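Here is the structure we will look at, set down as C-alpha cells.
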Amino acid sequence: MSDYRLRMHDIPVDDRPTERLLKYGPESLSTAELLAVVLRTGTQKENVVNMCQRIFSEYNVKQLSQAQISKLIQIHGIGPTKAAQIAAVFELARKLERHVDEPKRKIRSPADVYSMLYPCMREQKREKLVVLYLDTKNQVLKEEVVSIGSLNSSIVHPREVFKSALMESSASVIISHNHPSGDPTPSKEDIAITEKLIEGGKILGIDVLDHVIIGDGRYVSLKDEGLVG
C-alpha cells in the first residue's frame with residue numbers, strides 16, 4: 001500500500017512520465033504512463049501513475065476508448081474533468097485515423113465510403129446517419145451527421161438530407177449509417193428510406209449514389225446489392 005501513497009514529487013524527477021517523455025520521447029512510456037501525462041494528477045491516496053495502472057488493469061485501451069463519459073466518471077479517481085480529458089484523447093486519435101492530406105477526398109466505390117466512415121462508426125452504440133455531399137468529380141464537399149438514433153422514415157426526412165446539399169451546391173450525395181449489432185444486412189426500413197431519398201433527390205436534381213450500411217468490419221452497398229434503383 002505504501003507505493004499507492006507515494007506522491008509524484010516523491011518520485012525522482014527522471015522517473016516521472018512527463019520528464020521521461022520530454023527526454024526519451026512518447027514511445028518510451030507505457031500505456032498507463034501516457035495516460036498519466038494526460039491526466040497529470042491522481043488522488044490524495046494514489047498518484048496518477050498508480051491510478052492509470054489500476055484503470056488499465058480493469059479496462060484495455062479499446063474498452064476505455066469506447067466508454068461513455070457517464071461510465072468513465074464511475075471509475076474511482078475520475079471526475080468529469082478527467083473523463084473529458086480521456087474522451088478527448090481518444091476522439092483525437094479517431095480524427096487522426098480518418099485524416100487525409102489531400103484537399104478533398106474522392107469517393108470511387110463503396111469501399112472508399114467504408115474506409116472514410118468506419119473509424120467514427122464502429123464504436124457507436126446507436127445508429128448514426130451520415131451524408132457525404134459530393135461535387136461533380138465525386139470529391140467530398142462536406143460530411144454531416146443528419147440523424148442519431150433508430151432510423152425510420154418519419155425521422156429521416158429528405159429536407160434534412162438535401163438542405164446542406166443545396167447550400168453546398170452538391171451534384172450528388174451518398175448516405176451511410178451503422179448497425180450497432182455489427183451485422184450490416186439492410187432492413188426493410190433501410191431500403192424504404194433509401195428509395196424515399198432517391199425520389200426526393202430526383203425532384204431536386206441531386207443524385208443519391210448509394211446507401212452504405214456499416215457493420216463490424218464489413219459493409220453492404222444497397223446499390224451493389226441491387227436493392228434500390
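The values are calculated or read from the model by the stated rules, or taken from the named source; none is laboratory data. Keep in mind that this is a model prediction, so the values were computed, not measured. When we count neighbours, we look across all protein chains shown, and the Cβ atoms used for this are built from the backbone with ideal geometry, even at glycine. For accessibility, only protein heavy atoms count, side chains too; no ligands or nucleic acids. Shrake-Rupley method; radii C 1.70, N 1.55, O 1.52, S 1.80 Å.
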Could you list all residues from segment 77-135 that are farther than 30 Å from K45 by Cα, among the polar types (S, T, N, Q) and open to solvent by 50 Å² or more (accessible area, probe 1.4 Å)?
S115, Q124
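This table checks each residue for (1) under 17 Å from P110 (Cα atoms); (2) not in a strand (DSSP E or B).
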site: V131; (1), (2): yes, no
site: V140; (1), (2): yes, no
site: S147; (1), (2): no, no
site: L166; (1), (2): no, yes
site: P186; (1), (2): yes, yes
site: K202; (1), (2): no, yes
site: L209; (1), (2): yes, no
site: I213; (1), (2): yes, no
site: D216; (1), (2): yes, yes
Given (1) assigned to a helix (DSSP H, G or I); (2) open to solvent by less than 10 Å² (accessible area, probe 1.4 Å), I175 misses just (1)
Condition set of a type in the set (D, E) and modelled with pLDDT of 95 or more, scope segment 184-213, selection surrounded by the most Cβ atoms within 10 Å (Cβ to Cβ): answer is D210
Tell me, which helices (runs of 4 or more DSSP H) lie completely within segment 44-120 with 3 or more residues that are under 30 Å from N138 (Cα atoms)?
80-98
Failed criterion for S221 (all others in (1) open to solvent by 10 Å² or more (accessible area, probe 1.4 Å); (2) closer than 16 Å to M121 by Cα; (3) of a type in the set (G, A, S) hold):
(1)
For segment 113-131, state whether one or more residues are within 30 Å of L197 (Cβ to Cβ) and free of Cβ contacts under 8 Å to residues at least 12 places away in the same chain.
yes
Assess whether D216 counts as being open to solvent by 60 Å² or more (accessible area, probe 1.4 Å), touching a residue at least 60 places away in the same chain (Cβ under 8 Å) and within 20 Å of C120 (Cβ to Cβ).
yes
